[in-house]
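The values are calculated or read from the model by the stated rules, or taken from the named source; none is laboratory data. This one's a predicted model, so the numbers in the text were calculated from it and none came from an experiment. Please note: Cβ atoms are built from the backbone with ideal geometry, for glycine as well, and neighbour counts cover all protein chains shown.
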């Protein structure tokens, strides 16, 4: 098991631990490999203050140094006076220039990587002591450590700003067949490689992992694994270590920084480049295209918000084309220089052919007249741009994303050639037999006659099935949403006094989550109604009934406004409001209003005040006097005058704001809240589409949602649908100012 497997268990990337720059430490004694530090038998436990004084000189900071400075920081400790330093393997990385610094600020040259163990995530460095011998820590016996033993962690979460934490050994746990020490101490990120100490000053382990579930849970590699590594080193001089995974300088030329490495045929790019937007290039020196050519590569992005892909027609510096995924779209760009003003986006298109989070095959075909771009074999675009020709081809990355590349090629024609029909037929027959519960052995033996073609046919068949499965999932999802929309329209078509607004709100929740059982939540609500149905205070009048509902909801059952995460969608889902007793003014009001309606309490209504929805009521039946219940503030009672100053957010108060809100308007307000939660910089995102479509199903004449849907359709390449919506805006925009009408008309014309 590699070190990264540990992280999947605790739910945190080791890279997070490295990059944050902390240290976490401890100490021990017992026989070790080189220059053991022996302590007399019967030594008493030391105070934390004494341990701090003893251990501080033995702690080190281990830094990965890149072209732009420090790329990552971890921790370690001295295990021999002549310069051995223990840490985690992930702290030092691969082929990285390393720096070791002791607590007194002295730097020590790393001369070799003395030993490594990827299984245990351990590394030992040898440094050339700068200014005399180093003070080693003694290594204890982790096999003898017991659950409940006191331990101490010392560290420097911000480099070398020293801190101390004490706790206990929680136990020992196997993680993918590797025994780890589980410790109950608050662990800061970045403490990887530091020692874990018992209270006698013995190193029990090297801190490796932190749990995301709690700040008071961490894991350490037992020190006995380090002893084995010290006994059987595999030393590599730094001059050789720095070449591990390094690109062949005769094959590749890197431009504008970043870190480029190669392992098992995969080129890996990390850290931002020095070019504008974090741009960095890696150009192939092997094949410099002459005349028409094609370039292709497989690329996989760790983060789809970044960008990485092909570069071509490069002058070896800032001038080149780029074709790459960025933000889930495919982008063709021409760079004519070093800054943003020299950057022209020629095309930026979504495509169903691109597989986010997976390997994708990019190919460009360049001739004198045009550039043609392909994604996973599908033609994406042709661009008649002739600004750049000649130069080198290669790969590129932007921003802070990490990306992997494989199979880079340059040639005259890199398209996959059609397989002979008889081979396709033979392979298809073997596959059909296998899928019909046939023998794996029989299928493989038939496919081995032409394994290369067989693999291509299998890939294409699998890809087709995956696309069909994705289409069926999308169809099922849309069918569900349409069914919910139909149900919601039927409920809202009833007479106002017959509409169950709680059921409407639950249908909005179900629109997002098919697993929600609306009937079950209505039954839960029925129990709430039954709790109050026979309550005598409900018969004393509206004032008393409202006071009783307030006590029931906000005092006896703990309903309250969201305290810390107002924008969380859970607050907009009434089922979760019923589960968690927490929500928004509108969702809490829905529960309140339906409860009042089911209990037969008159003169209670929804008040759609700007900025905050409230419940209104007439204290005396037939009176025009109005009081307001702020459900977000646990039933706080307000007069209209008191509410005006708090709620109108600069909008002049209008008495019509106190008119009872229709149940449809309440549903629409909830729905538009969900739309607003999905907006990005005041523009709709793809997550907005289901809500925008639902708004238009309920209110076809809503211009804001028409505009939003036109933008969404255009984003997805549906020009016909976008033109339909823009045309509707033009036909129904009698009140539009002339400048806006002209802008819409230009947009409409561009969608032909």
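Results, tabulated for the structure shown:
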item: Filter result for residue 502 (modelled with pLDDT under 95 and crowded, with 19+ Cβ neighbours inside 10 Å); result: no
item: Checking residue 72 against (1) in contact with a helix residue (DSSP H, G or I) (Cβ under 6 Å, 6 or more places away or on another chain); (2) in contact (Cβ under 8 Å) with a residue 60 or more places away in the chain; (3) in a strand (DSSP E or B), the condition it does not meet; result: (2)
item: Tally, over the range 354-373, of residues that are free of Cβ contacts under 8 Å to residues at least 40 places away in the same chain and touching a strand residue (DSSP E or B) at 6+ places or on another chain (Cβ under 6 Å); result: 3
item: Members of the range 723-739 found to be in contact with a helix residue (DSSP H, G or I) (Cβ under 8 Å, 6 or more places away or on another chain) and in a loop (DSSP other than H, G, I, E, B), listed by number; result: 732, 733, 736
item: Only listed residue being under 32 Å from the mean Cα position of the chain (by Cα) and closer than 20 Å to residue 386 by Cα, chosen from 331, 279, 259; result: 331
item: Residue match in the range 555-570 (condition: crowded, with 21+ Cβ neighbours inside 10 Å, modelled with pLDDT under 95, out of contact with any helix residue (DSSP H, G or I) (no Cβ under 6 Å at 6 or more places or on another chain) and not in a loop (DSSP other than H, G, I, E, B)); result: no
item: Residue count for the range 262-291, restricted to those that are out of contact with any helix residue (DSSP H, G or I) (no Cβ under 9 Å at 6 or more places or on another chain) and part of a strand (DSSP E or B); result: 15
item: Residues of the range 121-134 satisfying the condition of being surrounded by fewer than 22 Cβ atoms within 10 Å (Cβ to Cβ) and either in a loop (DSSP other than H, G, I, E, B) or out of contact with any strand residue (DSSP E or B) (no Cβ under 6 Å at 6 or more places or on another chain) (or both); result: 129, 130, 131, 132, 133
item: Any chance residue 137 is modelled with pLDDT of 90 or more and crowded, with 22+ Cβ neighbours inside 10 Å; result: yes
item: So residue 609, is it crowded, with 23+ Cβ neighbours inside 10 Å and either within 19 Å of residue 551 (Cα to Cα) or modelled with pLDDT under 95 (or both); result: yes
item: Residue check for residue 315: in the same structural domain as residue 367 (by TED's automatic domain parsing), surrounded by fewer than 21 Cβ atoms within 10 Å (Cβ to Cβ) and within 33 Å of the chain's Cα centre (by Cα); result: no
item: Filtered residues of the range 377-416 (kept if within 34 Å of the chain's Cα centre (by Cα), part of a loop (DSSP other than H, G, I, E, B) and in contact (Cβ under 8 Å) with a residue 60 or more places away in the chain); result: 399, 400, 401, 402
item: Residue in the range 645-663 that is modelled with the lowest pLDDT, counting only those that are touching a helix residue (DSSP H, G or I) at 6+ places or on another chain (Cβ under 7 Å) and surrounded by fewer than 18 Cβ atoms within 10 Å (Cβ to Cβ); result: 653
item: Residues (in contact (Cβ under 8 Å) with a residue 12 or more places away in the chain and either in the same structural domain as residue 360 (by TED's automatic domain parsing) or part of a helix (DSSP H, G or I) (or both)) located in the range 443-462; result: 443, 446, 447, 453, 454, 456, 457, 458, 461
